[in-house]
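Asker: My structure is below; once you've seen it, I'll send some questions.
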Amino acid sequence: MTESGKAPVPGLSERERVTAIVYGDTFALYDEPAFDEFVRPLYVRLEANGIDTEIFRGKRCLDAGCGGGRGSVLMAQCGAREVVGIDLSSKNIESSRRRALQKRLVNLRFEQASLDSIPFDDESFDIVWCNGVLHHTERPDQGLQEISRVLKTGGWLWLYLYGSGGTYWYVMDWIRREMRGVDIRDCITQLRLMDSPIRRIAEWIDDWFVAFLRRYTEADVTRRLEDLGFDHTGALTFGTSYDTSNRKNQADVDELAHMGEGDLRYFCRKQGKPRGGGCQLPDPLDGKGSRFTDPSIVTQFSESLTWISSALAAVESRTGRSEAAMRIMVCRSIHSKVRSFLESDGVFDAAELQGHLILVKSLIDDVQQRIESRLIDGDVSDSQGA
């Protein structure tokens, strides 16, 4: 039993099991230098938004959905009295414990637990850190209620949720459709054989396979936080150079459309009890969170992506088998191109992305033509030998 008397996390659902594999298997790949690089953007985001890391000093902190433990390590390094990390994945708990030992951090401990039923008493923590987790859970609003319950009145919540819309998520939805049926662990192996950076493997596997990938509008999240009794509920506007929220600060109209709602990061304070307004984080049947319609500047890529889907299907039709390796390479190439535009100093280059999609389609067509040639040559050989 845990300190609140609640039982530990029960058996995982199938979707929770997939989520545990996605994050457990990828976070376990990080060596210490790669992990330190993974932590660094968290410090950048805090500083960019004027949040003094001294706020963690002497506090009891919860890392709600700790993953590989980077939020836990950050808070411990910043002087927290105690940090407790919880996660669905037993592999993540093992990885996080290893990080703590490597860094000789004695004020850290980790438990396997679900955000649906956090195994701690009401108002147990001064700070709760929940970074990029709730949108991947089966019941995100339930998790948010639990986070609010265990946070002390006057305590602070760091919350990161994906924002709705934009070209990145539009392309990711296409990639997720194309990767259906590809084995997650086989994909991780192939990406490693391609010498892909570990950070990229974790990012790609996350976006391609995680069971739930909800995105929200700032208005929906702000409304829900206020209903739960939080103030300081405006989304943070600064971060790393590649954060979509940060890119929106100097964006023109087209660039704003490509960024969608941006990254929704909050550092908000619990000021009182829930107001009982009756709203919840949106969770429609399509599993995408807030209702949102992308403008034509984003949907312009639909035709090119459809061409690529058709080309991949044609290759598989001719070979008579699933071409998982080709799908992985194609999705890796397109994802990398989109990401490179976000990480560049310039504007999001829609024309170059269209050009890249056309190139990918032509390369797949070349493969299909070579397959056709071999089939024809094979038919000729068979007829000559008959």
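The values are calculated or read from the model by the stated rules, or taken from the named source; none is laboratory data. Note that this is a predicted model, so its numbers are computed, not measured. Cβ: placed from backbone, ideal geometry, glycine included. Neighbour counts: every protein chain shown.
Asker: Filter the range 129-166 down to residues that are touching a strand residue (DSSP E or B) at 6+ places or on another chain (Cβ under 8 Å), part of a loop (DSSP other than H, G, I, E, B) and surrounded by 20 or more Cβ atoms within 10 Å (Cβ to Cβ), then give me how many there are.
Answerer: The total comes to 4.
Asker: Something else about it: Residue by residue through the range 348-365, note down the ones that are touching a residue at least 40 places away in the same chain (Cβ under 8 Å) and part of a helix (DSSP H, G or I).
Answerer: ALA350, LEU353, GLN354, LEU357, ILE358, VAL360, LYS361, ILE364, ASP365
Asker: Looking at this structure, is LYS273 in contact with a strand residue (DSSP E or B) (Cβ under 7 Å, 6 or more places away or on another chain) and at pLDDT below 95?
Answerer: No: the conditions fail for LYS273.
Asker: Among (1) small (Gly, Ala, Ser); (2) touching an Asp or Glu at 6+ places or on another chain (Cβ under 9 Å); (3) surrounded by fewer than 17 Cβ atoms within 10 Å (Cβ to Cβ), there is one condition SER114 misses while meeting the rest; what is its number?
Answerer: (3)
Asker: Does the range 81-92 include one or more residues that are farther than 30 Å from GLN280 by Cβ, assigned by TED's automatic domain parsing to the domain that holds PHE267 and buried (at least 18 other Cβ atoms within 10 Å of the Cβ)?
Answerer: Scanning the range 81-92 turns up at least one residue that is farther than 30 Å from GLN280 by Cβ, assigned by TED's automatic domain parsing to the domain that holds PHE267 and buried (at least 18 other Cβ atoms within 10 Å of the Cβ).
Asker: Is it the case, given these coordinates, that SER124 is touching a residue at least 12 places away in the same chain (Cβ under 8 Å) and closer than 18 Å to LEU62 by Cα?
Answerer: yes
Asker: Within the range 79-89, can one find any residue that is over 18 Å from the mean Cα position of the chain (by Cα), assigned to a helix (DSSP H, G or I) and of a type in the set (D, E, K, R)?
Answerer: no
Asker: Please determine, by comparing only the residues of the range 96-111 that are assigned to a loop (DSSP other than H, G, I, E, B) and of a type outside the set (Val, Ile, Thr), which one is surrounded by the fewest Cβ atoms within 10 Å (Cβ to Cβ).
Answerer: ARG104
Asker: So, in the range 45-69, how many residues would count as being in contact (Cβ under 8 Å) with a residue 40 or more places away in the chain, touching a helix residue (DSSP H, G or I) at 6+ places or on another chain (Cβ under 7 Å) and not hydrophobic (A, V, I, L, M, F, W, C)?
Answerer: Going through the range 45-69 one residue at a time, the tally reaches 5.
Asker: Any idea which residue in the range 259-286 is nearest to ILE127 (Cα to Cα), counting only those that are surrounded by 13 or more Cβ atoms within 10 Å (Cβ to Cβ) and among the small types (Gly, Ala, Ser)?
Answerer: Restricting to residues being surrounded by 13 or more Cβ atoms within 10 Å (Cβ to Cβ) and among the small types (Gly, Ala, Ser), the top hit is GLY262.
Table: residues versus (1) out of contact with any strand residue (DSSP E or B) (no Cβ under 7 Å at 6 or more places or on another chain); (2) polar (S, T, N, Q); (3) over 25 Å from VAL210 (Cα atoms).
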{"position": "THR26", "(1), (2), (3)": "yes, yes, no"}
{"position": "LEU29", "(1), (2), (3)": "yes, no, no"}
{"position": "PHE35", "(1), (2), (3)": "yes, no, no"}
{"position": "LEU62", "(1), (2), (3)": "no, no, no"}
{"position": "GLY67", "(1), (2), (3)": "no, no, no"}
{"position": "GLY71", "(1), (2), (3)": "no, no, no"}
{"position": "LYS91", "(1), (2), (3)": "yes, no, no"}
{"position": "ASP116", "(1), (2), (3)": "yes, no, no"}
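Asker: Quick one: count up the residues across the range 60-72 that are surrounded by 21 or more Cβ atoms within 10 Å (Cβ to Cβ) and more than 19 Å from the chain's Cα centre (by Cα).
Answerer: Looking only at that region, the number is 2.
Asker: Consider ARG224 carefully, then state whether it is in a helix (DSSP H, G or I), modelled with pLDDT of 95 or more, of a type in the set (Lys, Arg) and within 23 Å of GLY71 (Cβ to Cβ).
Answerer: yes
Asker: Considering only the range 249-332, give the helices (runs of 4 or more DSSP H) lying wholly within it that have at least 2 residues that are closer than 29 Å to LEU161 by Cα and of a type in the set (D, E, K, R).
Answerer: Of the helices (runs of 4 or more DSSP H) lying wholly inside the range 249-332, those with at least 2 residues that are closer than 29 Å to LEU161 by Cα and of a type in the set (D, E, K, R) span 253-259.
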